[in-house]
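Q: Here's a structure for you.
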Amino acid sequence: MSETPISAPPLSPVQELDLPEFKAAGVQLLIKRDDLLLPEPGSAFCGNKWRKLYYNLLEARRQQKGALLSFGGAFSNHLAAVAEAAAQYGFSSLGIVRGEPSLPLNPTLAHATAKGMKLQFVSREQYRQKDHPHFFSQIGINPEPYFILPEGGTNLLALKGCADLGREILDTHQPDIVAVACGTGGTLAGLCLGLEGKSLPLGISVLKGDFHQQDIQRWLERSGQPQVNVPEITLGYHHGGYARWTPELLLYIRHFGMKHQIRLDPIYTGKLMYALSDMVRKGTFKRGTSLMAVHTGGLQGITGFESRWGVSLT
Ligand SMILES: *Cc1c(COP(=O)(O)O)cnc(C)c1O
């Protein structure tokens with residue numbers, strides 16, 4: 001059987017954006033369009049998920065594993081990406097989903113199953129035990145055939161993929177600051193490695209809590225680079241918590257989409273751009289600063305978000 005070669009994400013374009021609040025503050029705003037890193041239109045294997053999975057897929061092949069297994073919530077961009085990557089490269093896949101099944105499946109999970117992913121729903125209590133050695137036997141799964149990816153896909157190979165993003169940015173632009181939305185913080189940690197202190201990484205947290213700094217420190221240690229400075233992480237732009245929203249956030253996303261013809265997702269990139277606009281208005285960045293925001297993708301989640309909350313993002 002011939003195998004589809006696993007391809008690295010191609011170079012993504014960078015655009016300069018014209019936002020009045022940035023102009024007024026004398027700050028140049030660039031956007032790195034990783035959302036355009038799509039093997040095919042509408043793919044969830046996209047943006048930072050492609051970067052995070054790339055070296056993992058190579059490793060799964062090298063280990064001759066025929067199947068991928070990962071974890072996530074019912075709207076997880078990561079699970080959707082794993083389902084697509086598996087389909088594209090000839091792996092089977094199993095998603096361990098947090099919480100009770102609700103039918104019909106939401107658009108994210110429906111799409112994942114259409115791509116061939118099998119789903120196993122586990123209670124929230126069981127899900128919390130997912131790193132426990134007895135977890136798999138408790139849910140009746142033999143993990144042996146699987147290449148296992150952690151929740152959100154953050155591991156050392158994911159950091160390596162995101163370090164490539166940092167290097168790509170240095171090769172093409174060298175902005176003063178590179179900003180990215182933080183879920184697990186894996187993308188930001190990898191970005192730090194790739195930027196080598198030459199551009200300043202800035203994380204915008206999309207959830208409540210201030211554990212990122214510590215988590216990222218741990219990842220940098222595990223990657224053998226504890227000397228790399230832990231990046232700055234801005235809190236306070238979670239809009240109520242992970243996957244929560246405010247009317248202001250949705251207005252911002254609609255306006256941004258109309259004005260720039262760039263869609264933002266409500267979970268990550270919408271919160272990132274909203275935060276940067278607010279920060280620049282508050283004078284956070286020095287006049288003359290060049291700021292690059294990374295559009296990490298996440299657009300697969302929009303349909304599910306709209307139907308879950310009965311809102312429109314256009
Ligand atoms: C998953 C995701 C993130 C968060 O990445 P982490 O490495 O977990 O911080 C950011 N943006 C988008 C669009 C995502 O899908």
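The values are calculated or read from the model by the stated rules, or taken from the named source; none is laboratory data. These figures come from a predicted structure and were not determined experimentally. Because the Cβ atoms are built from the backbone with ideal geometry, glycine has one as well, and the counts that use them run over all protein chains shown. What goes into the accessible areas is simple: the full protein's heavy atoms, side chains included, and nothing from ligands, DNA or RNA. Shrake-Rupley method; radii C 1.70, N 1.55, O 1.52, S 1.80 Å.
Q: What nm distance separates the two modelled labels at Asp131 and Ala8, each placed 7 Å from Cα along Cα→Cβ?
A: Distance between the two pseudo-spin positions: 3.0 nm.
Q: What length, rounded to one decimal in nm, is gained on full extension from His260 through to Gln217, with 0.36 nm per residue of separation minus their alpha-carbon distance?
A: 11.9 nm
Q: Where a ≥ b ≥ c are the square roots of the eigenvalues of the C-alpha gyration tensor, would you call the chain rounded, which needs a/c under 1.5, or, failing that, prolate if a/b is larger than b/c, or oblate?
A: prolate
Q: Taking the highest mean first, how do the peptides 281-287, 168-174 order by number of other beta carbon atoms within 10 angstrom per residue?
A: Going from most to least packed, we get 168-174, 281-287.
Q: If you don't mind, there's one more thing I want to ask. Could you name the lysines in cross-link range of Lys130, using Cα to Cα under 18 Å and dropping any fewer than eight places away on the same chain?
A: Answer for Lys130, where 18 Å is the Cα cut-off: Lys118, listed by chain and number.
Q: Taking all protein chains as present, what is the carbon and sulfur share of the accessible area of the chain, in % to the nearest whole number, probe 1.4 Å?
A: 51
Q: Figure the gain on full extension for Arg124 and Arg287 (residue separation times 0.36 nm, minus the Cα-Cα span) and round it to one decimal in nm.
A: Working it through step by step, the gained length comes to 53.9 nm.
Q: Please enumerate, by chain and number, the aspartates and glutamates with C-alpha under 15 Å from the C-alpha of Lys286, excluding those fewer than 8 residues away in the same chain.
A: Glu21, Asp176, Asp278
Q: A further question follows. Given the -39500 (n - 2.57) contribution per DSSP H run of 4+ residues, what per-residue ellipticity at 222 nm results for the chain, rounded to the nearest 500 deg cm²/dmol?
A: It lands at -12000 deg cm²/dmol.
Q: Using the Cα gyration tensor of the range 119-170, with a ≥ b ≥ c the square roots of its eigenvalues, what is the shape: rounded (a/c below 1.5), prolate (a/b larger than b/c) or oblate (neither)?
A: It comes out prolate by the Cα gyration axes.
Q: Now a separate question. Would you please classify the overall shape of the range 1-73 from the alpha carbon gyration tensor, given that a ≥ b ≥ c denote the square roots of the eigenvalues, rounded means a/c under 1.5, and beyond that prolate means a/b larger than b/c while oblate covers the rest?
A: Cα axes put the range 1-73 in the prolate bin.
Q: What does the extension gain come out to for Trp309 and Glu144, with contour length at 0.36 nm per residue minus their alpha carbon separation?
A: Here the answer is 55.5 nm.
Q: Please turn the phi angles of the range 183-196 into ³J(HN,Hα) values with the Karplus equation 6.51 cos²θ - 1.76 cosθ + 1.60 (θ = phi - 60°), one per residue in order, whole Hz, x for glycine and proline.
A: x, 7, x, x, 5, 5, 4, x, 4, 4, 4, x, 7, 6
Q: So the label point goes 7 Å from the Cα of Arg33 along Cα→C-beta, right? Which residues of the range 251-269 then have their backbone N under 14 Å from it?
A: Hits in the range 251-269 for Arg33 at 14 Å: 260-264.
Q: Another question, then. In Å², what does the accessible area per residue of the chain work out to with a 1.4 Å probe?
A: 45
Q: Over 28 Å between Cα atoms, which of Lys115/Lys160; Lys115/Lys259; Lys115/Lys208; Lys198/Lys282; Lys49/Lys271 qualify?
A: Going by Cα-Cα distance, Lys115/Lys259; Lys115/Lys208 fall outside the 28 Å limit.
Q: Would you grab the residues whose amide H sits under 5 Å from the one on Leu202? Only those 5+ places off in sequence or on another chain, please, with H modelled 1.01 Å from N.
A: HN-HN under 5 Å from Leu202: Val178, Ala179, Val180.
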